[in-house]
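Q: Sharing a structure with you now.
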Amino acid sequence: MRTSINPKLALGLLGIGLIVFCAISLSVGAMNLSVSDVLGSVFGRAVDQQTDLVVMDIRLPRVLLGVMVGAALAISGAVMQGLFRNPLADPALVGVSSGAALAAVTVIVLGGTWLQSWTGWLESLAIPLAAFLGGILVTIVIFKFSTRNGRTDVGLMLLSGIAINAIAGSATGLLTYVASDEALRSLTFWSMGSLASATWQDVAIVTVPTLLALAILPFFARALNSFLMGESVSYQSGFNVKQLKRVTIALTALAVGAAVSVSGLIGFVGLVAPHLVRLILGPDHRWVIPGSALMGGMLVLVSDILARTLLSPAELPIGILMSAIGGPFFLWLLMQHRSRIRL
Amino acid sequence: MLSTIDLQLALESKQGSKTILNKVSLNVSAGELMVVLGPNGAGKSTLLKCLSGEMKPTAGSAMMDAVPLHLLAPEDLALRRAVMPQSVQLDFPFSVTEVVEMGQRHALSTIELQQIVDKALGMFDVQHLKARDYLTLSGGEQQRVQLARVVGQLLAAMEFKQVVPGYLLLDECTSSLDLSHQHLVFKVARQLADHHGMGVLMILHDLNLASQYADQLVLMKQGEIRYQGSPIEVLTEAVVQEIYDFPVKVLPPQEGVNDWPLVLPLSH
């Protein structure tokens with residue numbers, strides 16, 4: 001059962017935790033900085049130019065990218081779990097992320113010639129846009145595939161996720177293997193994710209859809225709650241189910257697409273974060289959505305700090321750490337739900 | 001009045017079109033308790049889905065107060081009719097109170113919400129489970145909580161949104177209940193019809209419960225309404241045998257014991 005903590009207080013504490021981890025993340029790295037130096041730079045009173053450069057051009061975009069990517073993946077996970085009516089849905093597990101990654105890679109590799117004719121910002125939007133379309137396509141396919149008569153079959157959902165991950169993974173691998181394009185990032189990036197090359201532009205690309213989702217989704221929180229009892233119950237209770245599905249699928253695909261296009265494939269955030277939030281706050285989406293955003297941001301930040309420091313000066317792909325946390329967690333969740341998973 | 005006129009419903013499949021409901025016409029009036037009976041696959045649940053607005057008829061019409069149901073927005077419809085499906089699957093640990101609150105699409109004040117939840121839970125004898133995790137309840141307790149949610153939806157509309165009494169559609173809502181709670185549900189249903197003026201339509205398999213409590217019985221077979229009328233009128237040996245292909249004896253009402261016909265299944 002959940003704790004009996006006041007939801008608003010819990011959200012506040014999560015917010016404070018996120019800020020603390022931001023400060024820690026800003027101060028650790030190849031050049032060790034004190035928290036006060038870091039804060040000085042962030043608030044425009046830099047101690048020296050080098051510190052300012054490291055903080056403002058390298059670490060701050062990376063930290064913000066981590067927070068936003070984590071938030072995007074976590075709210076997408078929370079909403080997908082509502083949409084699929086089971087706590088095992090996750091954008092990476094069911095193949096939405098890899099579909100988005102494949103679409104992004106396809107545009108980079110095959111769209112090389114006509115992309116060049118686009119102007120700068122349009123070009124940088126083409127990739128997240130493609131990732132969005134790839135993500136939305138996979139969501140709809142999985143939803144149609146695993147939902148019958150308004151009920152989702154968890155086994156079918158997870159298995160079709162495996163299939164889609166295999167297909168998208170191999171196609172992404174093939175494309176990155178044959179591509180000579182230098183703009184294409186490494187296969188490691190697309191399969192295990194990274195925040196290493198964070199730019200302010202990346203931050204903007206993932207922040208806009210994430211904030212959009214955070215602004216709109218609360219209006220659908222109660223509808224999502226009733227959707228957990230099935231599509232027809234939600235309709236009978238007075239909610240516009242068609243609109244709910246359209247809006248939530250579009251918003252989650254948008255957030256996942258944006259996150260994947262700038263940080264590659266980071267798995268399990270969408271699985272772990274909402275579940276932790278439900279343990280603290282209960283399953284009500286009015287709290288789960290904002291809570292997941294904060295928790296997801298924190299989770300990715302912590303993983304990134306570990307990725308940067310564990311084998312310093314070398315850097316681990318962040319996906320390795322997320323999977324190290326998420327894999328056992330997923331197994332534990334499966335144990336909890338095994339009586340309800342059938343094919 | 002909740003009504004269908006010559007309602008036809010066909011489902012398209014690879015084998016072609018299959019007729020599920022054929023020329024079904026019925027009226028559920030306010031203040032009336034109607035029970036729909038019939039063998040498995042007779043089209044009862046599909047009829048209920050058409051009456052709730054969830055399914056749109058292929059031909060003919062389903063209307064509430066002469067307005068076709070598909071023209072009504074879900075949020076307006078929710079004030080006038082509530083539906084209890086055969087089973088509800090929920091895999092998230094909401095509390096009983098939260099489950100009942102989910103029936104409230106339209107905003108209520110905290111006090112109003114509390115009042116409705118308490119009243120609805122009390123009606124179905126589950127007020128003591130208020131704070132429990134819904135997932136830890138027994139099947140019968142879950143069913144009563146779902147009934148409280150559904151009835152709460154209409155009660156709140158009447159009490160706080162000044163809406164005229166609506167229609168309650170219940171699909172095999174007593175399937176997991178013990179003897180005393182089965183009768184509790186029917187007493188509540190009667191009370192909702194008699195005192196609150198709701199129209200109640202229930203799908204049922206127990207002929208004797210139907211006979212004891214219903215005003216009107218509708219007997220369906222193969223997508224059609226075969227017989228319709230008061231229990232005394234339609235519950236005859238010939239009718240029941242025709243509908244269920246099973247031999248029965250019908251005992252007429254007896255002074256001081258039962259004022260409704262009793263159906264006794266015979267061995268083949």
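What follows is calculated from the coordinates using simple rules that are stated; it is not laboratory data. Note that the coordinates shown come from a computational prediction; the quantities given were computed from them, not determined experimentally. Methodologically, a virtual Cβ is constructed for each residue, glycine included, from the backbone with ideal geometry; neighbour enumeration extends over all protein chains shown.
Q: Please work out the Kirkwood hydrodynamic radius for segment A:64-340, using every pair of different C-alpha atoms, and report it in angstroms with one decimal place.
A: 18.5 Å
Q: Could you please state, rounded to a whole Å, how far the C-alpha centre of segment A:275-343 is from the C-alpha centre of segment A:9-31?
A: When both Cα centres are located, 17 Å separates them.
Q: Using the charge dipole of chain A (Lys, Arg: +1 at Cβ; Asp, Glu: -1 at Cβ; taken about the Cα centre), state which of A:Ala10, A:Ala23, A:Gly44 has its Cα farthest towards the positive end.
A: A:Ala10
Q: Between beta-carbons, use under 15 Å as the cut-off and find the net charge around B:Val250, counting Lys and Arg +1, Asp and Glu -1.
A: It works out to a net charge of -4.
Q: Given the alpha-carbon gyration tensor of segment B:127-237, what are the semi-axes of its equivalent ellipsoid in whole angstrom, ordered largest first, with each equal to the square root of 5 times an eigenvalue?
A: 27, 19, 12
Q: If one takes the longest principal axis of the Cα atoms in chain B, at what angle in degrees, from 0 to 90 and to the nearest 10, does the Cα axis of helix B:110-123 lie?
A: Long axis of B:110-123 versus the principal axis of chain B: about 40 degrees.
Q: What Kirkwood hydrodynamic radius, in Å, does segment B:1-117 give when the mean of 1/r is taken over all pairs of distinct Cα atoms and then inverted?
A: It is 16.4 Å.
Q: Straight-line reach only, C-alpha to C-alpha below 24 angstrom: list the lysines that B:Lys161 could link to, leaving out same-chain residues fewer than 8 apart.
A: B:Lys119
Q: If you don't mind, another one. Please compute the average number of Cβ atoms from other chains found within 10 Å of each residue's Cβ in peptide B:87-97.
A: Average per residue, whole number: 6.
Q: Sort B:232-242, A:283-293, B:75-85, A:236-246 by the packing proxy (mean of other Cβ within 10 Å over each peptide's residues), most packed first.
A: So the peptides B:232-242, A:283-293, B:75-85, A:236-246, ranked by packing, come out A:283-293, B:75-85, A:236-246, B:232-242.
Q: A further question follows. How many angstrom lie between the C-alpha centres of segment A:57-91 and segment B:140-217?
A: 43 Å
Q: Separate question: Per-residue ellipticity at 222 nm for the protein assembly as shown, helices alone: DSSP H runs ≥ 4 residues times -39500 (n - 2.57), over residue total, nearest 500 deg cm²/dmol? It would help to have the intermediate numbers written out before the result.
A: Numbers: 25 runs with 340 residues, N = 611.
It comes out at -18000 deg cm²/dmol, rounded to the nearest 500.
Q: Kirkwood hydrodynamic radius for segment B:46-185: how many Å is it when counted over pairs of different Cα atoms?
A: Hydrodynamic radius (Kirkwood, Cα pairs) of segment B:46-185 is 15.7 Å.
Q: Let me ask you something else. Would you mind working out the magnitude of the charge dipole of segment A:64-340 relative to its Cα centre, with +1 at each Lys and Arg C-beta and -1 at each Asp and Glu C-beta, to the nearest 20 Debye?
A: Computed charge dipole of segment A:64-340: roughly 1020 debye.
Q: Show which lysines lie in cross-link reach of A:Lys144 when reach means a straight Cα distance below 16 angstrom and same-chain residues fewer than eight apart are skipped.
A: Cα-Cα hits under 16 Å: A:Lys242, A:Lys245.
Q: List every DSSP H helix in chain A whose Cα atoms extend 27 Å or more along the helix's own long axis and whose mean Kyte-Doolittle hydropathy is at least -0.5.
A: Within chain A the helices that satisfy the rule are A:7-27, A:60-83, A:120-146, A:154-178, A:241-263, A:285-309, A:318-337.
Q: Using the per-residue mean of other Cβ atoms lying within 10 Å as a proxy for protection, in what order, highest first, do the peptides B:122-132, A:193-203, B:106-116 fall?
A: With the highest mean Cβ count within 10 Å placed first, the list reads A:193-203, B:122-132, B:106-116.
Q: Taking each residue of A:218-231 in turn, how many C-beta atoms of other protein chains fall within 10 Å of its C-beta, and what is the average?
A: Taking the mean over all residues of the peptide, I get 3.
Q: Let me ask something else. Please give the direction-averaged projected area of the C-alpha convex hull for chain B, in square nanometres with one decimal. Let's see the in-between values first.
A: Values: hull surface 63.5 nm².
Taking a quarter of the hull surface, the average projection is 15.9 nm².
Q: Follow-up. Between B:Lys56 and B:Lys130, what's the calculated FRET efficiency when r is the beta-carbon distance and R0 is 30 Å? Round to 0.05.
A: That pair, B:Lys56 with B:Lys130, gives E of 0.20.
Q: In terms of Cα to Cα distance under 22 Å, which lysines are near enough to B:Lys44, apart from those fewer than 8 places away along the same chain?
A: B:Lys18, B:Lys23, B:Lys56, B:Lys221
Q: Can you check what the net charge comes to around A:Ile216, using other residues whose Cβ is under 15 Å from the Cβ of A:Ile216 (Lys, Arg +1; Asp, Glu -1)?
A: Within the 15 Å Cβ shell, the charges total +4.
Q: For the protein assembly as shown, just say rounded, prolate or oblate: build the C-alpha gyration tensor, square-root its eigenvalues into a ≥ b ≥ c, call rounded for a/c under 1.5, and beyond that prolate if a/b exceeds b/c, oblate if not.
A: prolate
Q: Calculate the FRET efficiency for B:Asp215 and B:Ser109 from the Cβ-Cβ distance with a Förster distance of 30 Å, rounded to the nearest 0.05.
A: The computed FRET efficiency comes out at 0.25.
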